[in-house]
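Enquirer: Okay, handing you the structure first.
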Amino acid sequence: MTFELPKLDYEFDALEPYVDALTMEIHYSKHHAGYTAKLNAALEGTEHASTPIEELLSSLDSLPSSLQGAVRNNGGGYYNHLLFWKMLSPKGGGEPQGVLLEKITAAFGSFDAFKADFEKAAMGQFGSGWAWLVQEEDGSVAICSTANQDTPLSEGKHVLLGVDVWEHAYYKKYGPARAEYLQQIWNVINWDYVSSRLR
């Protein structure tokens with residue numbers, strides 16, 4: 001298979017109490033594994049089977065129409081989760097430092113204001129989707145959201161941080177309280193990794 005489910009850098013229970021072990025196990029072993037398998041099945045035997053996922057997602061319109069849906073949905077799910085697991089850490093939380101904090105402060109006024117705007121974008125995403133912090137071509141940062149497994153990469157944006165707001169990311173612990181999940185997820189954000197993605 002061309003695309004492989006990545007090995008996690010931590011155990012399923014490592015993000016407790018903010019992300020519970022059962023949610024992590026199902027999210028990783030069922031959902032991410034499912035996107036990976038379906039992406040491979042869709043691309044098997046095609047000339048695109050060995051194309052990097054970033055290239056596939058950033059040029060969806062150039063793919064055959066028969067593949068676009070599978071790559072957008074399952075490729076997006078595969079890629080978004082590749083990043084998401086690295087954006088979380090049992091040693092996460094706190095605030096970003098250095099250049100990232102400077103860019104966030106310049107764009108939003110303060111880190112707390114950024115968090116409030118990010119949570120608002122995540123709460124405003126109807127149904128399933130993601131909230132993102134992206135870096136624009138001029139180097140500034142901005143917040144956006146996408147539906148389902150769509151990724152800002154397909155819109156020419158560079159992802160710094162993404163938070164999954166599909167119900168499978170939080171429902172077993174938080175039920176319908178998406179807002180509480182969003183407030184707690186900050187405790188495990190891996191700001192070192194997010195900062196490393198700056199261009």
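The values are calculated or read from the model by the stated rules, or taken from the named source; none is laboratory data. All of these numbers come straight from a predicted model, not from anything done at the bench. Methodologically, a virtual Cβ is constructed for each residue, glycine included, from the backbone with ideal geometry; neighbour enumeration extends over all protein chains shown.
Enquirer: Which members of the stretch 1-36 meet the condition of being outside any loop (DSSP other than H, G, I, E, B), without any contact (Cβ under 8 Å) to a residue 24 or more places away in the chain and of a type in the set (A, V, I, L, M, F, W, C)?
Expert: Hits for the stretch 1-36 are ALA21, MET24.
Enquirer: Let me ask another. Among the residues of the stretch 151-165, what is the count of those that are surrounded by fewer than 19 Cβ atoms within 10 Å (Cβ to Cβ) and over 13 Å from LEU133 (Cα atoms)?
Expert: Total meeting the criteria: 2.
Enquirer: Still on this structure: Hey, among LEU83, LEU101, LEU57, which residue is in contact (Cβ under 8 Å) with a residue 24 or more places away in the chain, out of contact with any strand residue (DSSP E or B) (no Cβ under 7 Å at 6 or more places or on another chain) and outside any loop (DSSP other than H, G, I, E, B)? Give the steps one after another, and end with the answer.
Expert: Values: LEU83 fails: out of contact with any strand residue (DSSP E or B) (no Cβ under 7 Å at 6 or more places or on another chain); LEU101 fails: in contact (Cβ under 8 Å) with a residue 24 or more places away in the chain.
So the residue among LEU83, LEU101, LEU57 that is in contact (Cβ under 8 Å) with a residue 24 or more places away in the chain, out of contact with any strand residue (DSSP E or B) (no Cβ under 7 Å at 6 or more places or on another chain) and outside any loop (DSSP other than H, G, I, E, B) is LEU57.
Enquirer: With the stretch 121-182 as the region, which strands (runs of 3 or more DSSP E) entirely inside it contain at least 1 residues that are over 25 Å from LEU101 (Cβ atoms) and modelled with pLDDT of 95 or more? Don't jump to the end; show me each part of the working.
Expert: Numbers: elements: 129-135, 141-147, 158-164.
Hits in the stretch 121-182: 129-135, 141-147.
Enquirer: I would also like to ask the following. Here are some residues: TYR170, TYR181. Which one is more than 21 Å from ASN74 (Cβ to Cβ) and without any contact (Cβ under 8 Å) to a residue 24 or more places away in the chain? Write out each step before concluding.
Expert: Numbers: TYR170 fails: without any contact (Cβ under 8 Å) to a residue 24 or more places away in the chain.
Selected residue: TYR181, the only one of TYR170, TYR181 that is more than 21 Å from ASN74 (Cβ to Cβ) and without any contact (Cβ under 8 Å) to a residue 24 or more places away in the chain.
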